[in-house]
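Reviewing the structure listed below.
Every number here is computed from the coordinates shown, using simple stated rules; none is lab data. Keep in mind that what you see is a predicted model, and the values were worked out from it rather than measured. Cβ atoms come from the backbone with ideal geometry, glycine included; neighbour counts cover every protein chain shown.
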Amino acid sequence: MSPFLQAIIAGVLAGFASMAIAFFGTARLSQTWLMRLVSFAAGMMLAMALIDLLPEAIAGGMAADKLFAVLLVALIALFALDLKLHAGCQHEHGAGDHHMIPMILAGGALHVFTDGLILGAAFLVDPKLAWGMTFAVLAHEVPREAGDFALLITAKLGRGRALAWNALSRLACVLGTVGGYLALSGERQWLPFVLTVAAANFIYIALTGILPRLRQEREAFAWQGGFMVAGAALVPIGMKFLE
């Protein structure tokens with residue numbers, strides 16, 4: 001199977017499988033198991049960034065000083081974007097729940113479009129690496145999708161319409177994957193840069209979006225720590241197995 005076709009399949013999985021699991025599956029998952037899934041995703045994302053994506057960027061020819069400069073700028077940019085989106089959500093919330101809907105959908109579409117761009121670039125570097133990233137993205141998207149559904153339903157959209165509009169916004173992941181693959185297929189010198197930004201994205205999500213939530217569940221530290229270690233260990237084991 002060609003890397004391009006694999007990239008499209010990965011984009012569909014990352015965008016729509018996470019949505020389906022969130023919509024149909026999380027109702028059957030207790031909050032405890034949902035947090036364990038989040039812990040697993042955090043460990044996997046940190047390991048993907050630190051022992052896979054960044055070394056791959058250096059192997060692709062990026063100097064270490066340039067890599068860390070790009071990583072720093074990307075982390076600051078992600079913080080600014082995150083702050084802007086959250087400020088927008090709070091402003092819309094103050095204007096009434098119904099007005100939250102466009103912001104939730106637009107924010108989700110932008111998020112998965114970025115995921116898609118990163119996946120498309122990764123399939124140009126190494127499909128094995130890209131599939132690992134796909135499952136890391138899928139794992140962290142499930143709880144976020146569940147939260148989006150809860151907000152949309154709270155905004156009086158209804159379960160059926162919430163699913164339909166959310167599915168439409170998930171197309172951005174596939175478009176991002178295809179766009180990233182095609183745009184960078186002739187500009188491979190940019191791939192180490194994209195991999196570094198991808199690593200920054202994973203690090204930022206894990207450290208600011210997931211770990212603070214896990215700190216609130218202190219009584220479940222052993223379980224969460226175990227699942228985080230399992231997620232992190234899966235990356236080098238998978239890399240070794242796929243060599």
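Here Tyr204, Tyr181 are placed in order of increasing Cβ neighbour count within 10 Å, fewest first, which gives Tyr204, Tyr181.
The fewest-to-most ranking of Thr177, Thr208 by surrounding Cβ atoms within 10 Å reads Thr208, Thr177. Summing charges over all other residues whose Cβ lies under 10 Å from the Cβ of Thr196, with Lys and Arg as +1 and Asp and Glu as -1, gives 0. FRET efficiency for the pair Ser2 and Glu187, taken as 1/(1 + (r/R0)^6) with r the Cβ-Cβ distance and R0 = 25 Å, rounds to 0.85.
On full extension, the segment bounded by Ala167 and Gln216 gains 14.5 nm, given 0.36 nm per residue less the C-alpha separation.
Extension gain for Trp223-Leu207 works out to 3.9 nm (0.36 nm per residue, less the C-alpha to C-alpha distance). Take the Cα of Leu50, step 7 Å toward its Cβ, do the same at Lys84, and the gap between the two points is 3.0 nm. The length gained on full extension between Ile58 and Leu110, counted as 0.36 nm times the residue separation minus their Cα-Cα distance, comes to 15.9 nm.
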